[in-house]
Amino acid sequence: MSERTEQTPGLEKLFLQLEEIITKMEDSDISLDDSFALYQSGIGKLKQCNALLDEVEKKMLVLNEDGALEEF
Amino acid sequence: MKRNIYSVGQVNTYIKNMFAQDFMLQRICVKGEVSNCKYHTSGHIYFTLKDAAGAIGAVMFAGNRRGLAFRMKEGDKVIVTGSIEVYERDGKYQLYAKEIELDGAGSLFQKFEALKQELAEMGMFAPEYKQPIPKYARRVGVVTAPTGAAVQDIRNIASRRNPYVQLILYPAQVQGEGAVKSIVNGIRALDALGVDVLIVGRGGGSIEDLWAFNEEEVARAIFECRTPVISAVGHETDTTIADFVADLRAPTPSAAAEMAVFDYFTVKEQLSVYRRRMELLLRRNVEQARMRLANYRTKLSYVSPAGRLRENRSYAAELEEKLKDHMEKTILEKKHRLALLSGRLEGLSPARKLSQGYAWVSDETGKAVTDAADVTVGDTLSIHLWKGSLKAAVTEIV
């Protein structure tokens with residue numbers, strides 16, 4: 001359902017957040033504490049990305065006249 | 001009652017004769033739009049002449065080609081002069097063209113242009129209504145025929161790029177009567193079901209085959225669809241109203257699948273790039289902090305009380321050493337000088353002169369006498385010799 005995609009941030013948004021984290025980590029004035037916190041948050045985002053990829057192979061479905069889904 | 005039974009050939013011959021005897025059909029001008037036009041290698045041209053009401057098969061034999069002054073193509077509106085005869089083998093009548101001339105633009109084309117302009121004026125093609133196609137769709141809806149190349153192409157491309165994306169097909173009728181309603185229902189049903197992006201289209205075909213995608217109802221359904229729509233009708237060269245109103249136009253159904261389904265392997269690679277980059281940066285930042293720590297430690301040891309004390313102590317020791325050196329040197333110098341002076345002093349001592357017969361004279365008060373004028377006759381003077389002293393009275397002043 002598309003609502004699901006809207007509730008948790010999608011891959012696109014997560015990618016943006018990861019870019020942001022990396023940009024902050026690139027700052028050489030960053031404190032070690034912040035650096036660790038950012039890394040941890042980044043690893044969390046990567047996990048979310050992998051969860052979104054949802055690596056279960058999908059069969060094409062067909063939407064019936066009566067609105068039911070079945071395998072093509 | 002006795003029945004007359006005829007062969008197929010007899011019936012066709014009979015009908016052929018009926019046509020042949022009809023004066024009007026022997027020389028007739030017919031206007032319509034060219035479709036399914038095929039230039040055969042034999043030089044004959046086969047085509048269909050049609051309008052909104054119907055169609056008729058037509059042929060121009062190679063021997064009549066001088067009656068055609070242009071390259072006839074799909075959609076041309078033409079006036080054909082010729083005869084209508086029966087082709088006995090197929091039991092079909094067709095138009096045998098002797099002359100073909102252009103008659104302005106084809107009517108389907110005109111209809112297309114008129115609707116295109118109307119919808120454009122309503123703003124249905126306006127870029128501000130175009131929705132962005134999601135880059136990473138999880139569910140992709142497809143409105144097309146369940147049989148045919150389009151659905152297979154989309155399926156193949158999708159499973160090659162990302163087998164984990166869910167495709168949901170609405171099996172639509174894409175040509176003929178009922179196609180418009182079927183396509184519209186498909187768009188609405190999948191929009192209501194909830195998908196991230198919708199592909200609406202079909203494979204290639206004649207302009208009539210694709211016509212449903214030029215109908216206003218389909219255009220409206222695409223326009224009103226809340227899900228972003230990619231149109232994919234026919235081949236690269238086919239452009240339909242659906243293409244103008246869709247959020248994105250794909251040249252073919254395969255291309256639509258490429259646009260709708262993100263590449264799984266690219267995303268995986270991107271994720272590992274992010275991971276490596278973050279690990280590298282973390283390591284660098286830890287290393288930097290370690291270096292900074294070492295640097296501070298060195299600086300701190302200079303300014304700490306212990307450090308100061310140590311430094312002062314060594315300075316004091318240095319000073320003490322210097323002082324000692326200095327003192328020793330001074331004492332030595334003084335000793336030297338003393339020896340020198342005492343040697344010289346010895347040489348100057350008056351006592352030493354006395355030993356050589358000199359004497360020292362003093363008056364009665366003990367004061368040294370150095371001038372004869374200070375003495376009067378009769379005074380007693382003391383004469384001090386090297387050894388012992390004498391008392392002497394002054395008898396004369398010389």
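The values are calculated or read from the model by the stated rules, or taken from the named source; none is laboratory data. Note that this is a predicted model, so its numbers are computed, not measured. Glycine also receives a Cβ, built like all others from the backbone with ideal geometry; neighbour counts cover every protein chain displayed.
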Margin query: Which condition from (1) more than 14 Å from every other protein chain (Cβ to nearest Cβ); (2) touching a Lys or Arg at 6+ places or on another chain (Cβ under 7 Å) is the one that B:Val261 breaks?
Written below: (1)
Margin query: Checking the condition out of contact with any strand residue (DSSP E or B) (no Cβ under 8 Å at 6 or more places or on another chain), in a helix (DSSP H, G or I), within 30 Å of B:Ala52 (Cβ to Cβ) and not assigned by TED's automatic domain parsing to the domain that holds B:Glu236, which residue from B:Glu113, B:Glu118 passes?
Written below: B:Glu118
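Going through the range B:146-170 one residue at a time, which ones are assigned to a helix (DSSP H, G or I) and either more than 28 Å from the chain's Cα centre (by Cα) or of a type outside the set (Ser, Thr, Tyr) (or both)?
Selection gives B:Ala149, B:Ala150, B:Val151, B:Gln152, B:Asp153, B:Ile154, B:Arg155, B:Asn156, B:Ile157, B:Ala158, B:Arg160, B:Arg161.
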Next item on the list: Looking only at the range B:176-188, decide whether some residue is of a type in the set (Ser, Thr, Tyr) and in contact with an Asp or Glu (Cβ under 8 Å, 6 or more places away or on another chain).
Entry: no
Next item on the list: Go through (1) modelled with pLDDT under 90; (2) part of a helix (DSSP H, G or I) one by one and return the number of the condition A:Met25 breaks.
Entry: (1)
Checklist line | B:Val200 being farther than 17 Å from A:Leu69 by Cα and hydrophobic (A, V, I, L, M, F, W, C) | finding: yes
Next item on the list: Report yes if some residue within the range B:174-195 is at pLDDT below 90 and of a type in the set (Gly, Ala, Ser); otherwise report no.
Entry: yes
Margin query: For the structure I just gave you, tell me whether B:Arg249 is among the basic types (Lys, Arg) and within 30 Å of B:Ala120 (Cα to Cα).
Written below: yes
Notebook entry, point to check: Which of the residues belonging to the range A:42-56 are more than 10 Å from chain B (Cβ to nearest Cβ) and of a type in the set (S, T, N, Q)?
Noted result: A:Gln48
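Residue-wise test of (1) assigned to a loop (DSSP other than H, G, I, E, B); (2) surrounded by fewer than 20 Cβ atoms within 10 Å (Cβ to Cβ); (3) in contact with a strand residue (DSSP E or B) (Cβ under 8 Å, 6 or more places away or on another chain); (4) away from every other protein chain (no Cβ under 11 Å).
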site	(1), (2), (3), (4)
B:Glu177	yes, yes, no, yes
B:Ile187	no, no, yes, yes
B:Ser206	yes, yes, yes, yes
B:Phe213	no, no, yes, yes
B:Ala221	no, no, no, yes
B:Arg226	yes, yes, no, no
B:Ile230	no, no, yes, yes
Margin query: On the basis of being part of a helix (DSSP H, G or I), touching a residue at least 40 places away in the same chain (Cβ under 8 Å), more than 9 Å from chain A (Cβ to nearest Cβ) and of a type outside the set (Asp, Glu), does B:Ala256 make the cut?
Written below: yes
Checklist line | Candidate set from the range B:45-97 (those that are charged (D, E, K, R) and part of a strand (DSSP E or B)); member that is farthest from B:Cys29 (Cα to Cα) | finding: B:Lys92
Check: Any idea which of (1) surrounded by fewer than 16 Cβ atoms within 10 Å (Cβ to Cβ); (2) modelled with pLDDT of 90 or more is the one B:Phe47 doesn't satisfy?
Finding: (1)
